[in-house]
Every structure is written in C-alpha cells, then in structure tokens.
Amino acid sequence: MRVNVLAVIVSAVILMGCTITRSPQLYPNNDIARTTGPLTATIVGHGTLNGTATMPMPDGEILNGRYSIAMGGSTGFGSLYGSVYGTDGNATGSAFASNMSFSNSGQGMLDMIGPKGTTAHCEFLNNNLTGHGNGACQISNGAIYRMQY
C-alpha cells in the first residue's frame, strides 16, 4: 500500500489545530446579485476542516455561520455548485476505493444567517493542501455568486 507522505504530514498539521483566516471573494452570477455587487466574506479555519464565517451585507446586516469540509467527498453536495459551474445546471459523481488514501480535495458547505433573517448557503471545493478553492453561494433573496479564495 502506497501512502503519500506529504499528504499524511499536511493532514496531521490540519488536524492539530492551526487557525487560518481566508477572505473569499463572491462575484455576481445572476441579475439579482449584480444589483448588490461583489461581496467579501471572512472564514476562520480551526484546523479540523471546519470553522466560522462572517459576511457583511451592503445594508449593514452581518451574516454569521459555520462551514465544514468533507475530506474526499460528501453526500448532498453539488446542486448549487453545479448550477454555477456545471454545463447542464447540476453536477453528480461517485467513486469508491479499496485501499487507504488521503484526498487533496474536499467538498465543503457553509451556512450563515443574519439578525434580519437574511441567509446564505454556499457549496465549495477546497484544496486541502493549499487551503484555496472555489464555489457558489446563494443568498435568500435569490442572488447567486461565484466564490473564490
């Protein structure tokens, strides 16, 4: 059985509790989002493939929430991401393996809510080695954004 030593070391560091802050940029992907314009969020990773998120809205409302990343894949992921990046408006896939492996990517979900009731749901693909990724976010008013970090 081959094990990528670098992947094992990086995975161990990720799981030990490093705190990392990123600032995802959200770019409008539909007419509703274009009227609001680009948004910037802040995510703080707690080293265990999960963390907190904050995003100020143009009207002053601040959305707060959490994200988590499923290392190597998850279920229930892809409809929002596929609507932005897929060719037919959805994305699907499946895989299996019989040996131990460490994935370099993970599927993540992020949910936030503000005191006025505004919500945001995001789906993203994260490179677990670099901590960068891309995804899609939908705000409760119907605005859809492409996300990059």
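Conditions (1) over 16 Å from Y145 (Cβ atoms); (2) at pLDDT 90 or above; (3) charged (D, E, K, R); (4) touching a Leu at 6+ places or on another chain (Cβ under 9 Å), marked per residue:
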residue: G37; (1), (2), (3), (4): no, yes, no, no
residue: P58; (1), (2), (3), (4): no, yes, no, yes
residue: L63; (1), (2), (3), (4): no, yes, no, no
residue: Y67; (1), (2), (3), (4): no, yes, no, yes
residue: S83; (1), (2), (3), (4): no, no, no, no
residue: G93; (1), (2), (3), (4): yes, no, no, no
residue: I113; (1), (2), (3), (4): yes, yes, no, yes
residue: N128; (1), (2), (3), (4): yes, no, no, yes
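From the list G47, G51, which residue is under 19 Å from Q107 (Cα atoms), surrounded by 15 or more Cβ atoms within 10 Å (Cβ to Cβ) and modelled with pLDDT of 65 or more?
G51
Inspect all residues belonging to the range 12-26 and state whether any of them is part of a strand (DSSP E or B) and at pLDDT 95 or above. Full working, then the answer.
Our first condition is that a residue be part of a strand (DSSP E or B); within the range 12-26, this holds for 20-22, 25-26.
After this cut, where a residue has to be at pLDDT 95 or above as well, the list is 25-26.
Within the range 12-26, one or more residues are part of a strand (DSSP E or B) and at pLDDT 95 or above.
So, of the residues in the range 29-39 that are of a type in the set (S, T, N, Q) and in contact with a strand residue (DSSP E or B) (Cβ under 6 Å, 6 or more places away or on another chain), which turns out to be surrounded by the fewest Cβ atoms within 10 Å (Cβ to Cβ)?
Top of the filtered list is N30.
The values are calculated or read from the model by the stated rules, or taken from the named source; none is laboratory data. Since this is a predicted model, take the numbers as computed values, not measurements. When we count neighbours, we look across all protein chains shown, and the Cβ atoms used for this are built from the backbone with ideal geometry, even at glycine.
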